[in-house]
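The values are calculated or read from the model by the stated rules, or taken from the named source; none is laboratory data. Computed from a predicted model, the values in this text were never measured in an experiment. Neighbour counts are summed over all protein chains in view; Cβ atoms, including those assigned to glycine, are modelled from backbone coordinates with ideal geometry.
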Amino acid sequence: MILIGERINGMFKDIAQAILNRDPGVIEYWAKRQTDNGAHYLDINTGPAVTKEDQPAVMEWLTKVAQSVSPLPCCLDSANPDAIEAGLKVHRGRAIINSTTADKWKMEIYFPMAVKYNAYLIGLTMNEKGVPKSAGDRIALAMELVVGAELHNFPIEDLIIDPLVLPANVAQEHGPEVIEALRQIKILTDPPPRTIVGLSNVSQRCAERSLLNRTYLVMCMAAGLDYAIVNMDDEMLVDAAAAAEVLLNQNIYCDAFLKTFRKR
Amino acid sequence: MAFTVLKEKWAGNVVEMVIGQGAGAVKVGGENTLPFLHFEGEIPNAPVAALEVWDMEPPDWPGVLASPFAGVMSDPSAWAVKCVDYGADLICLRLAGAHPDNKDSSPAEAVAVASEVAGAVNIPIMVIGCGVEEKDAEVLPAVAEALAGKNALLGCATINNYKAIAAACVLHGHNVIATSPLDINLAKQLNILINELNMPVNRIAMDPLVGALGYGIEYAYSIMERARLSALSGDKMLAMPVVCFVGQEAWKSKEAKAEDSDEWGAQARRAILWEVVTATSLVQSGGAVLVLRHPESLRQFKIHVAAMMKEVSS
């Protein structure tokens, strides 16, 4: 299970403030803290407060600051291709581009970009019509992403498909559909694409957020989830991922399995 | 139509261990694919073979095994020199005399033998205790200190005595063998515990406790295979080279001990085959250091490995 720390995101007030003041301290703090907690990647998102024109410069700055204190690669998260490319230009290691949709015009931007920078690419199972409700419709869009990858000679195993998790309080019926979609994505091709969810979205504005997150993570892992963007401060969430890996026989059991999961 | 060889892309590799020092040093491990799949990955080092030398005359070695060492078995350093002549890559000194049921020799006596043997040969040396956990925890740290700087391979450390043995190896610059009887979970845990004593992962070797052909070899084989697949998939705590004590198992078998007979043929040929086939099977699941007893087994094993290490040109 690959965990991506969600915290360097302008959606959070302290990050938004740090971006506004170009204060590297807060960014460094979260880069280090998530690294110490066992993250494998750092998500980098400029957030809603930054104007489209400023996004490339902010993305570049966030990526540089985060990687100045952490050895981890980043998951460059933006709806603006210029911002993503600005991050890729200064990124050290192999980045994840977050993300393209299944729209043709977007795939024509992002697949060549991912090939050029040797990056992984997240593909969302949505298009201009929005997020589909059923697993079947998600899979149809996943297939379009797979075809997009093949058209651009992009390795299928570097394509990371996100079946889009929605909050349990307002879109409860999506919960099992995402799980079924994960299962089916894994049998689309051989080798199959990888899979990812933005986990915290499942509990947006809900009570007992940590419990919902942990439970859903484990359910998704059993269905074939490879990556998750998560709150790395939730120690028991990381424990749950470690336990699920053992129970799914993905990692050989030893008494220190919680520790070895974090040390990878 | 063009034929494309399907290749597995592994995320991890076996760590590379150096045993000994200078020109005589031996390297094991380092591969990033399954044994001998040269087309798929890098296999920088071949499996190596050690011959056993004891600090006392082994009481139960059959004549066909003892005869190649006639005249030297009461003198460990002369015995070790003989093993070098036979072509051993390493000497495996077994301190059987420290066993309370044998001579119950002291740490000081063990140190004397180990120093003498280490001084007599210019190939790397392994030193193995008597197998009694408490006694090994006294003897092996003393040997580690006496052989400081030799970069030897000492063992075996168990879950009950690893602290004393591994700490001494860290302190005096040796590699350590972590042993766990046919238990992959314990093997991984022990590697973690030893690593936490500041022992780098490339100085830990694993002994899964192998069985001889016909005597449970398949259990060890599958455990080694599972550990290796996990190591190549990125599990660093199972990515250590594996040591197989083949001679001690093969020469316990009825097939090796039974004398010449019409039905089973000549003992020497049969016993050596038993040891060779056990060893050549175990290298197929990742054995890196094979500890043998008979020099003819060593010779045949090395011919086999040399052939397996040749890359077939396409």
Original post:
Is it the case that segment B:129-152 has a residue that's at pLDDT below 95 and either away from every other protein chain (no Cβ under 14 Å) or under 20 Å from the mean Cα position of the chain (by Cα) (or both)?
Top reply: yes
**OP:** Could you list all residues from segment B:130-172 that are within 22 Å of B:Lys27 (Cα to Cα) and of a type in the set (Phe, Trp, Tyr)?
**Re:** none
Subject >> Selection count where residues are assigned to a loop (DSSP other than H, G, I, E, B) and within 30 Å of B:Gly234 (Cα to Cα), scope segment B:30-80 >> reply: 18
**OP:** Considering (1) buried (at least 23 other Cβ atoms within 10 Å of the Cβ); (2) within 14 Å of chain A (Cβ to nearest Cβ), say which one B:Gly155 fails and leave the rest.
**Re:** (2)
Subject >> Criterion (more than 27 Å from A:Ser99 (Cα to Cα), out of contact with any Gly (no Cβ under 7 Å at 6 or more places or on another chain) and not basic (Lys, Arg)) met by exactly one of A:Leu217, A:Leu248 >> reply: A:Leu248
Original post:
Filtering segment B:81-126 down to residues that are part of a loop (DSSP other than H, G, I, E, B) and acidic (Asp, Glu), which residue is nearest to B:Leu298 (Cα to Cα)?
Top reply: B:Asp89
Original post:
Within segment B:213-229, which residues are surrounded by fewer than 16 Cβ atoms within 10 Å (Cβ to Cβ) and more than 14 Å from chain A (Cβ to nearest Cβ)?
Top reply: B:Gly214, B:Gly216, B:Glu218, B:Tyr219
Original post:
Any chance segment B:168-184 includes a residue that's crowded, with 24+ Cβ neighbours inside 10 Å, at pLDDT 95 or above, assigned to a strand (DSSP E or B) and within 14 Å of chain A (Cβ to nearest Cβ)?
Top reply: yes
Subject >> Hits in segment A:4-25 (condition: buried (at least 19 other Cβ atoms within 10 Å of the Cβ) and farther than 24 Å from A:Leu225 by Cβ) >> reply: A:Gly10, A:Ile15, A:Ala18, A:Ile19
Original post:
Going by the structure shown, is A:Pro191 crowded, with 19+ Cβ neighbours inside 10 Å and farther than 26 Å from A:Lys259 by Cβ?
Top reply: no
**OP:** Please tell me if A:Asp190 is out of contact with any helix residue (DSSP H, G or I) (no Cβ under 8 Å at 6 or more places or on another chain), within 14 Å of another protein chain (Cβ to nearest Cβ) and modelled with pLDDT of 95 or more.
**Re:** no
Original post:
Given (1) surrounded by fewer than 24 Cβ atoms within 10 Å (Cβ to Cβ); (2) more than 14 Å from every other protein chain (Cβ to nearest Cβ); (3) among the aliphatic types (A, V, I, L, M); (4) in a loop (DSSP other than H, G, I, E, B), where does B:Val210 come up short, assuming only one miss?
Top reply: (1)
Original post:
Is it the case that some residue within segment A:50-63 is in the same structural domain as A:Val230 (by TED's automatic domain parsing), within 13 Å of A:Met11 (Cβ to Cβ) and assigned to a loop (DSSP other than H, G, I, E, B)?
Top reply: yes
**OP:** Specify which of the listed residues (A:Leu182, A:Leu121, A:Leu166, A:Leu141) is under 24 Å from A:Val218 (Cβ atoms) and either assigned to a helix (DSSP H, G or I) or out of contact with any His (no Cβ under 9 Å at 6 or more places or on another chain) (or both).
**Re:** A:Leu182
Original post:
When B:Lys163 is evaluated against the numbered criteria (1) within 14 Å of another protein chain (Cβ to nearest Cβ); (2) over 14 Å from B:Met240 (Cβ atoms), which criterion, by number, is the only one it fails?
Top reply: (1)
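Can you tell me which residue is farthest from B:Met17 (Cα to Cα) among those in segment B:112-134 that are of a type outside the set (A, V, I, L, M, F, W, C) and buried (at least 21 other Cβ atoms within 10 Å of the Cβ)? Break it down stepwise before answering.
Step one: list which residues in segment B:112-134 are of a type outside the set (A, V, I, L, M, F, W, C), which gives B:115-116, B:119, B:122, B:124, B:129, B:131, B:133-134.
Next, only the ones that are buried (at least 21 other Cβ atoms within 10 Å of the Cβ) stay: B:124, B:129.
Numbers: B:Pro124: 12, B:Gly129: 21 Å.
So the residue we want is B:Gly129.
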Original post:
Is it fair to say A:Tyr110 is buried (at least 18 other Cβ atoms within 10 Å of the Cβ) and either at pLDDT below 95 or touching a Lys or Arg at 6+ places or on another chain (Cβ under 8 Å) (or both)?
Top reply: no
Subject >> Set A:Leu248, A:Leu225, A:Leu258: member being without any contact (Cβ under 8 Å) to a residue 24 or more places away in the chain and of a type in the set (A, V, I, L, M) >> reply: A:Leu258
Original post:
Taking segment A:213-264 only, how many residues are under 22 Å from A:Glu157 (Cβ atoms), within 13 Å of another protein chain (Cβ to nearest Cβ) and not basic (Lys, Arg)?
Top reply: 5
